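All remarks here apply to the structure that follows.
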Amino acid sequence: MQRRPRRNRKSESVRSLVEETSLSVKDLIFPLFLIDGSKKKAEVSSMPGIFRFSQDRMLKEIEECMKLGISAFDVFPAYPESLKDSRATESHNPETFYLRTLREIKKQFPEICLMSDVAMDPYSSDGHDGLVKNGKILNDETLEILGRMSLAQADAGVDILGPSDMMDGRVGFIRNVLDENGFHETSIMSYTAKYASVFYGPFRDALDSAPKFGDKKTYQMNPANSKEALIEADLDMEEGADFLMVKPALSYLDIIKLLSDNYPVPVAAYNVSGEYSMVKAAAAQGWLDSERAMLEILLSIKRSGAKIILTYFAKEFARLK
Ligand code: PBG
């Protein structure tokens with residue numbers, strides 16, 4: 001045998017020399033769940049180790065995470081039914097608790113990268129990402145609402161908007177609205193290839209945002225398809241997206257690779273709630289080691305081509321360093 005691949009695996013020092021992929025806390029964005037009120041910190045029952053925080057507790061959490069080296073956060077609000085309506089009006093009320101908290105976070109921690117989600121679902125009485133009429137999603141009417149929501153979030157100091165709604169034309173529409181209002185510096189990380197996935201289940205528990213009827217298959221992508229991801233990515237590039245995102249991550253590593261091989265902007269992957277909870281559930285049974293599973297998962301997402309990973313494991317990963 002002339003070629004023995006095991007020679008490059010013979011010791012830790014040789015293995016580390018030939019290691020191709022490395023993980024850094026700087027690659028990670030930590031998603032956080034916000035609730036109204038004060039002095040509240042409650043664990044999400046389907047996501048062990050992940051909490052819903054009121055503003056005061058969230059500020060403390062961010063400070064703690066920053067000490068561990070995390071510098072990017074994505075904040076998602078959980079709204080009570082009483083504040084939801086069919087047009088997601090609360091999403092662009094400048095005094096709503098979500099926007100007040102974003103403003104306060106940026107005031108206290110101007111150096112962090114603050115990200116937010118642009119979609120109607122947390123504020124919609126229908127629980128859908130777009131405007132519903134007679135059981136149908138109205139794409140172009142939704143854009144107007146997303147535009148208002150985006151402006152309100154940019155005005156609150158968000159650094160990167162994350163349109164997660166999958167309406168056609170939304171990246172360009174939002175880019176125009178931002179530019180017309182002087183928010184040239186607000187970035188857009190498009191949820192380019194967002195699949196209609198079962199793995200969002202625990203997130204919808206965390207936000208009480210499950211759709212009230214039907215599913216999201218007329219706007220989120222079919223898990224059977226990859227070519228559509230190229231159409232979505234072409235459009236996002238034309239429309240001015242600064243980052244492309246693939247979501248979920250683990251069942252879509254081929255899509256992450258496809259986009260990172262073909263587009264020059266950074267590709268992000270969302271390691272979603274169900275992917276987190278599966279690991280935690282198995283670990284709770286003693287069936288696998290949560291820490292090693294986390295490291296292997298994050299590494300595989302990075303290896304497939306993601307520069308950035310949104311993950312509920314961010315704090316746990318940061319603690320290891
Ligand atoms: C809402 C949104 C969802 C997630 C991020 N933004 C859920 C959905 O589309 O139903 C899922 C994130 C996760 O599961 O961790 N537009």
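In the stretch 17-34, the residues that are at negative phi reach residues that are of a type in the set (Phe, Trp, Tyr) and in a loop (DSSP other than H, G, I, E, B) with C-beta atoms within less than 7 angstrom, at least six apart or across chains, in these pairs: PRO31/TYR312. Screening SER54 on (1) surrounded by 15 or more Cβ atoms within 10 Å (Cβ to Cβ); (2) in contact (Cβ under 8 Å) with a residue 24 or more places away in the chain shows it passes everything except condition (2). For the stretch 25-47, the set of residues classified as under 22 Å from LEU298 (Cβ atoms) and crowded, with 17+ Cβ neighbours inside 10 Å consists of VAL25, ASP27, LEU28, ILE29, PHE30, PRO31, LEU32, PHE33, VAL44, SER46, MET47, listed by residue number.
Suppose the filter is touching a strand residue (DSSP E or B) at 6+ places or on another chain (Cβ under 6 Å) and part of a loop (DSSP other than H, G, I, E, B); does MET166 pass it? The answer is yes for MET166.
When restricted to residues that are in contact with a Ser or Thr (Cβ under 9 Å, 6 or more places away or on another chain), of a type in the set (S, T, N, Q) and over 22 Å from ILE112 (Cβ atoms), the stretch 1-41 contains 1. Scanning the stretch 256-277 for residues that are touching a residue at least 60 places away in the same chain (Cβ under 8 Å) and within 16 Å of the ligand (Cβ to nearest atom) yields a total of 8.
Can you name every residue in the stretch 298-321 that is within 16 Å of the ligand (Cβ to nearest atom) and surrounded by fewer than 20 Cβ atoms within 10 Å (Cβ to Cβ)? Those that are within 16 Å of the ligand (Cβ to nearest atom) and surrounded by fewer than 20 Cβ atoms within 10 Å (Cβ to Cβ): LYS315, GLU316.
Looking only at residues in the stretch 278-290 that are away from the ligand (no atom under 16 Å from the Cβ) and of a type outside the set (S, T, N, Q), the one that is surrounded by the most Cβ atoms within 10 Å (Cβ to Cβ) is ALA283. Within the stretch 242-277, the set of residues being farther than 28 Å from LEU178 by Cβ, acidic (Asp, Glu) and surrounded by fewer than 17 Cβ atoms within 10 Å (Cβ to Cβ) comprises ASP254, ASP261. Look at the stretch 231-245: where a residue is over 17 Å from GLU185 (Cα atoms) and a partner is among the polar types (S, T, N, Q) and surrounded by fewer than 24 Cβ atoms within 10 Å (Cβ to Cβ), sitting 6+ places away or on another chain with Cβ atoms under 8 Å, you get ALA233/ASN262. Counting the residues of the stretch 190-216 that are more than 12 Å from the ligand (Cβ to nearest atom) and at pLDDT 95 or above gives 3. Among residues of the stretch 86-105 that are on the phi > 0 side of the Ramachandran plot, those with a Cβ under 7 angstrom from a residue that is of a type in the set (Phe, Trp, Tyr) and modelled with pLDDT of 95 or more, sequence gap 6+ or separate chain, pair up as ALA88/TYR123. Would you check if there is a residue in the stretch 68-77 being surrounded by 15 or more Cβ atoms within 10 Å (Cβ to Cβ), farther than 22 Å from ASP215 by Cβ, acidic (Asp, Glu) and within 16 Å of the ligand (Cβ to nearest atom)? Yes: the stretch 68-77 contains one or more residues that are surrounded by 15 or more Cβ atoms within 10 Å (Cβ to Cβ), farther than 22 Å from ASP215 by Cβ, acidic (Asp, Glu) and within 16 Å of the ligand (Cβ to nearest atom). With respect to the conditions (1) within 21 Å of the chain's Cα centre (by Cα); (2) farther than 18 Å from LYS106 by Cα; (3) β-branched (Val, Ile, Thr), ILE35 falls short on a single one, namely (2).
Do we find a residue being out of contact with any helix residue (DSSP H, G or I) (no Cβ under 7 Å at 6 or more places or on another chain), farther than 29 Å from TYR276 by Cα and crowded, with 19+ Cβ neighbours inside 10 Å anywhere in the stretch 181-199? Among the residues of the stretch 181-199, not one is out of contact with any helix residue (DSSP H, G or I) (no Cβ under 7 Å at 6 or more places or on another chain), farther than 29 Å from TYR276 by Cα and crowded, with 19+ Cβ neighbours inside 10 Å, which makes the answer no. Within the stretch 195-213, residues that are in contact (Cβ under 8 Å) with a residue 40 or more places away in the chain reach partners that are outside any helix (DSSP H, G or I) and of a type in the set (Lys, Arg) with beta carbons closer than 8 Å, at six or more positions or on different chains, in the pairs TYR195/LYS247; SER197/LYS247; ALA206/ARG52. Quick check on the stretch 9-25. Is at least one of its residues in contact with a strand residue (DSSP E or B) (Cβ under 6 Å, 6 or more places away or on another chain) and closer than 21 Å to ILE160 by Cα? Within the stretch 9-25, not a single residue is in contact with a strand residue (DSSP E or B) (Cβ under 6 Å, 6 or more places away or on another chain) and closer than 21 Å to ILE160 by Cα.
Here is a check on your reading of the model: is ASN225 surrounded by fewer than 21 Cβ atoms within 10 Å (Cβ to Cβ), in contact with a helix residue (DSSP H, G or I) (Cβ under 9 Å, 6 or more places away or on another chain) and not hydrophobic (A, V, I, L, M, F, W, C)?
no
When the test is whether a residue is part of a helix (DSSP H, G or I) and in contact (Cβ under 8 Å) with a residue 24 or more places away in the chain, ALA318 passes it.
The values are calculated or read from the model by the stated rules, or taken from the named source; none is laboratory data. Quick caveat: nothing in here was measured; it's all calculated off a predicted structure. Cβ: placed from backbone, ideal geometry, glycine included. Neighbour counts: every protein chain shown.
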